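Enquirer: Let me begin by handing over the structure; questions about it come next.
Read-outs throughout are calculated quantities, based only on the coordinates presented, and are distinct from any laboratory measurement. Just so it is clear, the model here is predicted, and its values are computed rather than measured. Positions of Cβ are backbone-derived with ideal geometry, glycine not excepted, and every protein chain shown enters the neighbour counts.
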Amino acid sequence: MKTLTIAAEEQRYAELQVLALDYARTGETNSLAEMLSHGLPANLADAKGNSLLMLACYHQNAETARMLLEYGADVDRRNLRSQTPLGGVAFKGYEDIVALLLDHGADIDADNGLGMTPLMFAAMFGRTRVVAQLQAHGASLQRRNRLGLTAKLMIRLAQVMARLLPRAPVKLTPANELSHTVKL
């Protein structure tokens with residue numbers, strides 16, 4: 001009978017972990033804080049290594065991210081793809097969360113895979129305000145990715161591409177919602 005109790009407890013704990021990961025994704029800060037106050041690890045991660053903090057940040061849940069940091073979540077904890085929370089939000093362009101992570105000591109020049117830094121991701125995806133934000137906090141322009149490109153060159157290439165290929169509005173036609181026309 002003791003084995004059944006232990007197995008049932010383990011099953012319930014696994015369910016609570018899944019629930020906590022969902023709370024981080026959906027920004028259910030109070031519910032997640034309650035779980036942490038009862039001993040759930042602040043650095044809990046899913047099967048892909050995405051921590052509660054990574055999930056909260058990536059889904060733009062700043063309040064949840066702040067609470068996790070207050071509970072001691074590792075600001076630079078990497079997932080299995082070597083990505084940090086700062087790298088993820090630089091890619092997404094979430095300025096408020098970039099500021100939060102930097103205020104909590106995130107490694108501004110962390111290699112997020114293939115030698116790519118958060119600044120490089122921000123530049124590559126046209127997140128100009130995040131680029132400026134990271135530069136203002138001292139991100140290195142001289143770091144090179146595995147292709148040998150510096151962050152400075154990637155920023156310049158992004159600026160040139162933005163001028164050459166401005167984002168065109170996509171308009172659905174009333175006749176066929178699946179087709180679209182693009183103004184150049």
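Enquirer: Charges only on Cβ, +1 for Lys and Arg, -1 for Asp and Glu: so what's the dipole of segment 2-182 about the Cα centre, in debye to the nearest 20? Could the numbers behind the result be given before it?
Expert: Numbers: 19 positive and 18 negative charges, 232 e Å.
In debye, rounded to 20, segment 2-182 gives about 1120.
Enquirer: Quick check on the chain: helices-only [θ] at 222 nm, where DSSP H runs of length 4 and up contribute -39,500 (n - 2.57) each and the sum goes over total residues. Nearest 500, please.
Expert: On the way: 9 runs with 97 residues, N = 184.
Result for the chain: -16000 deg cm²/dmol, rounded to the nearest 500.
Enquirer: State the answer as a single residue: which of 21, 59, 138 lies farthest towards the positive end of the charge dipole of the chain, with beta carbon charges of +1 for Lys and Arg and -1 for Asp and Glu, about the Cα centre.
Expert: Going by the charge dipole, the pick is 138.
Enquirer: Compare the peptides 6-19, 98-111 by average per-residue count of other Cβ atoms within 10 angstrom and give them in order, highest first.
Expert: Values: 6-19: 11.1, 98-111: 18.6.
Answer by packing, highest mean first, reads 98-111, 6-19.
Enquirer: Rounded to two decimals, what is the ratio between the C-alpha radius of gyration of the chain and 2.2 N^0.38 Å?
Expert: Compared with the compact-globule rule of thumb, the chain sits at 1.27.
Enquirer: Taking the Cα centre of the chain as the origin and placing charges on Cβ (Lys, Arg +1; Asp, Glu -1), which of 39, 159, 80 is farthest toward the positive end of the dipole?
Expert: 159
Enquirer: While we're looking at this one, here's another question. Could you work out the mean projected area of the convex hull around the alpha carbons of segment 74-157, in square nanometres to one decimal?
Expert: About 4.7 nm², averaged over all directions.
Enquirer: Treating only the Cα positions of segment 117-161 as identical point scatterers, give the base-10 log of I(q)/I(0) from the Debye formula at each q in 0.13 Å⁻¹.
Expert: Taken in order of the listed q values, log10 I(q)/I(0) reads -0.21.
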